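> Before I ask anything, here is the structure I am working with.
The values are calculated or read from the model by the stated rules, or taken from the named source; none is laboratory data. Predicted, not measured: the structure shown is a model, and the values here were computed from it. When we count neighbours, we look across all protein chains shown, and the Cβ atoms used for this are built from the backbone with ideal geometry, even at glycine.
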Amino acid sequence: MSAISPHADRAAWLAARRSTVGGSEVAALFGCQPAYALSAFALWQAKAGRIAEPEVRAERAEWGLRLEAAIAAAAAERLGVEVEPGRWVRHPSVPGMAATTDFHVKDGGSLGHEGPGVMEVKNADWLIHRRTWVGGEPPLHVLLQLQHQLACTGFGWGVVVALIGGNRLAEPYVYKARPALVAEIERRVEGFWQSVERGEPPEPDGAESTIRALARLHPEDDGGREPLDLAADEGLPLACARLLDAQARRKAAELDERAAKALILARMGSARLGRCAGYLIEAAAVAGSPDRVASAGETIRGRAGHRRLNVRETDDARC
């Protein structure tokens, strides 16, 4: 198992990551990456060297390691296992595939799994956990990350542990390696690097990281005065039509939202709280602020007072 400690040799770890798809990146190849992660398009541009990879900030990484260590220690104590720090591990047969594991469990006998395993540690916000950790399992991108790590380490099992809201250790999520899923991950990683070699990026999508990648690829216009001839691009007219249609629907939705808001506020009058069949309404008054003069003599405009409207659906609305 080819391994690098990301803590002992950070420069080597960062260099190695540029030539591989890691566990936290593989979800992009399935189109289920979290909002903060790179899309398939942005990941392709970064690995192809066309844009800089996102910076891994040292302070953020340091605090992440501090929290991970505390969470892992508490989870290990509760589960009755012994853990050791993880490391960067290259896949034994897929050159462009690697994973940085959080911790390795030395033996999972107490969990019903003989031999070593991977421990993936998460520090989850309470609300995010409630919204995305549904159906008794972590989000799909976490499950893919764990299977990716198992493929790289060759371990037969792994566990996801999570601290929720800073004060509750969730029940452990223990998984065996799933050969069919591992094979699909390996296939997609190999296909990804083949597309890099061919110079064929995936189609851009609407992810925020895609928009940022395009801005880095083309930060300036060429100042041309003649339109670029794109008549041969059969998909472009459809994209233009989609854009105009989406803009029109957004404007219509905004107008509908304002009209509904005005009607509700008119019915509420000066009441802060209201209730109707299926809904609870709150219309709190927010005080305005006057204009003020900045130190440079510039006037900073104040804000008019308004009512902050919040409508929540109640149980009887779903009957």
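> For segment 108-161, give me each residue that is in a helix (DSSP H, G or I) and either touching a Gly at 6+ places or on another chain (Cβ under 7 Å) or not assigned by TED's automatic domain parsing to the domain that holds Ser93 (or both). Give the steps one after another, and end with the answer.
Within segment 108-161, the subset in a helix (DSSP H, G or I) is 109-111, 126-132, 140-153.
Those that are in a helix (DSSP H, G or I) and either touching a Gly at 6+ places or on another chain (Cβ under 7 Å) or not assigned by TED's automatic domain parsing to the domain that holds Ser93 (or both): Ser110, Trp126, Gln145, Leu146, His148, Gln149, Leu150.
> Let me ask something else about it. Can you name the residue in segment 93-131 that is within 20 Å of Ala35 (Cβ to Cβ), out of contact with any helix residue (DSSP H, G or I) (no Cβ under 9 Å at 6 or more places or on another chain) and of a type outside the set (D, E, K, R) and is also surrounded by the fewest Cβ atoms within 10 Å (Cβ to Cβ) among such residues?
Going residue by residue through segment 93-131, those that are within 20 Å of Ala35 (Cβ to Cβ) are 120, 122-131.
Imposing the further condition that a residue be out of contact with any helix residue (DSSP H, G or I) (no Cβ under 9 Å at 6 or more places or on another chain) reduces the set to 125-131.
The next check asks that each one be of a type outside the set (D, E, K, R); those that pass are 126-129.
Working: Trp126: 12, Leu127: 9, Ile128: 13, His129: 19.
The selected residue is Leu127.
> Can you pull out every residue in segment 289-311 that is modelled with pLDDT of 70 or more and more than 16 Å from Leu265 (Cβ to Cβ)? Lay out the reasoning, then the answer.
The initial filter retains those residues of segment 289-311 that are modelled with pLDDT of 70 or more, namely 289-293, 298-311.
Of everything in segment 289-311, those that are modelled with pLDDT of 70 or more and more than 16 Å from Leu265 (Cβ to Cβ) turn out to be Ser289, Pro290, Asp291, Arg292, Val293, Glu298, Thr299, Ile300, Arg301, Gly302, Arg303.
> Which of the following residues is out of contact with any Leu (no Cβ under 6 Å at 6 or more places or on another chain), assigned to a loop (DSSP other than H, G, I, E, B) and at pLDDT 95 or above: Ala260, Ala252, Ala232, Ala248? Steps first, please.
Values: Ala260 fails: assigned to a loop (DSSP other than H, G, I, E, B); Ala252 fails: assigned to a loop (DSSP other than H, G, I, E, B); Ala248 fails: assigned to a loop (DSSP other than H, G, I, E, B).
Matching residue, one of Ala260, Ala252, Ala232, Ala248: Ala232.
> For the structure I just gave you, tell me whether Leu243 is surrounded by 10 or more Cβ atoms within 10 Å (Cβ to Cβ) and touching a strand residue (DSSP E or B) at 6+ places or on another chain (Cβ under 6 Å). Lay out the reasoning, then the answer.
Numbers: surrounded by 10 or more Cβ atoms within 10 Å (Cβ to Cβ): yes; touching a strand residue (DSSP E or B) at 6+ places or on another chain (Cβ under 6 Å): no.
Considered against the rule, which asks whether it is surrounded by 10 or more Cβ atoms within 10 Å (Cβ to Cβ) and touching a strand residue (DSSP E or B) at 6+ places or on another chain (Cβ under 6 Å), Leu243 comes out as no.
> Return the residues of segment 98-107 that are more than 20 Å from the chain's Cα centre (by Cα) and not in a loop (DSSP other than H, G, I, E, B); say none if nothing qualifies.
Initial filter on segment 98-107 (more than 20 Å from the chain's Cα centre (by Cα)): 103-107.
Within segment 98-107, Phe103, His104, Val105 meet the criteria.
> Restricting attention to segment 144-165, does a residue exist that is within 21 Å of Arg78 (Cα to Cα) and without any contact (Cβ under 8 Å) to a residue 24 or more places away in the chain? Before the answer, list the steps.
Residues of segment 144-165 that are within 21 Å of Arg78 (Cα to Cα), as a first pass: 146, 157-165.
Then drop every residue that is not without any contact (Cβ under 8 Å) to a residue 24 or more places away in the chain, which leaves none.
No: zero hits.
> Residue under question is Gly23, and the condition is that it be assigned to a loop (DSSP other than H, G, I, E, B), at pLDDT 90 or above and under 13 Å from Val189 (Cβ atoms); does it hold?
Details: assigned to a loop (DSSP other than H, G, I, E, B): yes; at pLDDT 90 or above: yes; under 13 Å from Val189 (Cβ atoms): yes.
In short, yes.
> For segment 73-90, state whether one or more residues are outside any strand (DSSP E or B), within 16 Å of Gly22 (Cβ to Cβ), in the same structural domain as Glu25 (by TED's automatic domain parsing) and not β-branched (Val, Ile, Thr).
Residues of segment 73-90 outside any strand (DSSP E or B): 73-82, 86-87.
Okay, now just the ones that are also within 16 Å of Gly22 (Cβ to Cβ), so 86-87.
Retained after the next criterion (residues that are in the same structural domain as Glu25 (by TED's automatic domain parsing)): 86-87.
Next cut, not β-branched (Val, Ile, Thr) only: 86-87.
Scanning segment 73-90, I find at least one residue that is outside any strand (DSSP E or B), within 16 Å of Gly22 (Cβ to Cβ), in the same structural domain as Glu25 (by TED's automatic domain parsing) and not β-branched (Val, Ile, Thr), so the answer is yes.
> Sticking with this structure for a sec: So which residues in segment 140-182 are small (Gly, Ala, Ser) and touching a Lys or Arg at 6+ places or on another chain (Cβ under 8 Å), if there are any at all? So that I can check it myself, show each step before the final result.
Here is the first cut: in segment 140-182, the ones small (Gly, Ala, Ser) are 151, 154, 156, 158, 162, 165-166, 170, 177, 180.
Within segment 140-182, Gly156, Ala162 qualify.
> If you don't mind, another one. For segment 71-85, which positions are touching a Ser or Thr at 6+ places or on another chain (Cβ under 9 Å) and closer than 12 Å to Leu111 by Cβ? Write out each step before concluding.
Pass one, segment 71-85, residues touching a Ser or Thr at 6+ places or on another chain (Cβ under 9 Å): 79-81, 85.
Within segment 71-85, Leu79, Gly80, Val81 meet the criteria.
> Taking the condition of being in a helix (DSSP H, G or I) and among the aliphatic types (A, V, I, L, M), how many residues in segment 162-209 meet it? Quick ask: steps written out before the conclusion?
From segment 162-209, those in a helix (DSSP H, G or I) are 179-198, 208-209; that's our starting set.
Filter once more, keeping what is among the aliphatic types (A, V, I, L, M): 180-183, 185, 189, 196.
Adding up the residues that qualify gives 7.
> If you go through segment 267-286 one residue at a time, how many are surrounded by 14 or more Cβ atoms within 10 Å (Cβ to Cβ) and not acidic (Asp, Glu)? Break it down into steps so the answer makes sense when it comes.
First pass over segment 267-286, keeping only residues surrounded by 14 or more Cβ atoms within 10 Å (Cβ to Cβ): 268, 274, 279-283.
Checking the rest, the ones that are also not acidic (Asp, Glu) come to 268, 274, 279-281, 283.
Within segment 267-286, residues that are surrounded by 14 or more Cβ atoms within 10 Å (Cβ to Cβ) and not acidic (Asp, Glu) number 6.
> Now a separate question. Given the structure, is Glu257 among the acidic types (Asp, Glu) and closer than 23 Å to Thr314 by Cα? Let's see the steps before the verdict.
On the way: among the acidic types (Asp, Glu): yes; closer than 23 Å to Thr314 by Cα: yes.
Yes, satisfied.
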